[in-house]
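This report concerns only the one structure given below.
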Amino acid sequence: MAESDNAKAKDLADKFANKAGVLATLNAQLTEANSKLAGLRAELETARDLLATLKADANAKQAEYLRLATLKAEQDEAEVQRLAQIKAKADTIIAGGGVPTPVVNEKGEVVDYVDGKKSVSSVAPTKVVKQAGVTQVGDKTTYSRVERAKTLPNTGSQESLLGLLGAGIITSVGLGYVGKRRRG
């Protein structure tokens, strides 16, 4: 042990004799440590700012998700009630001794039931579209090429702006989520 103490004493004596060099080395190490500390503090502040931004985005997306989930639940509940009413009508027809016959819409979904035993004499209303250049006075029909050329043809295409708006919102939310995942 004494030999180890002698080695330490000799090392300290050498450092004391060369105190200016040791002090310069220690000052350089201190300066380097301070510059690393400043860099790490800057990274910490950047990370805190990014975390705050991500939390705000997450809260906004969570609120939108909850709104859409609530809307979906309301729509599902309305659909369940509609289907229950249709089933109740079919059960009523069966209880009355009739044969329930489904009525379907253009998508093929059952929208109602009618009694198949009763004669159905109802005619589905047709949509009358007035054509350009065709006029009817009494029982006479006249055609005008000039009037017809002034208007565009009616193709019967109708689009719901609400559907387009909903698709736009869903697309923008989805793209925002993908963009955040790529950056993160």
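Please treat every number below as a calculation from the coordinates, not as lab data. In this text the structure is predicted, and so the values were computed from the model without any measurement. Cβ placement follows ideal geometry from the backbone for every residue including glycine, while neighbour counts extend to all protein chains displayed.
Once you reduce segment 27-47 and segment 60-89 to the center of their Cα atoms, the two points are 55 Å from each other. Each label point was placed 7 Å from the Cα along the Cα-to-Cβ direction; for Ala95 and Ala2 their separation is 11.4 nm. Shape class of segment 1-49 from the alpha-carbon gyration tensor: oblate, with a/c at 1.5 or above and b/c at least as large as a/b.
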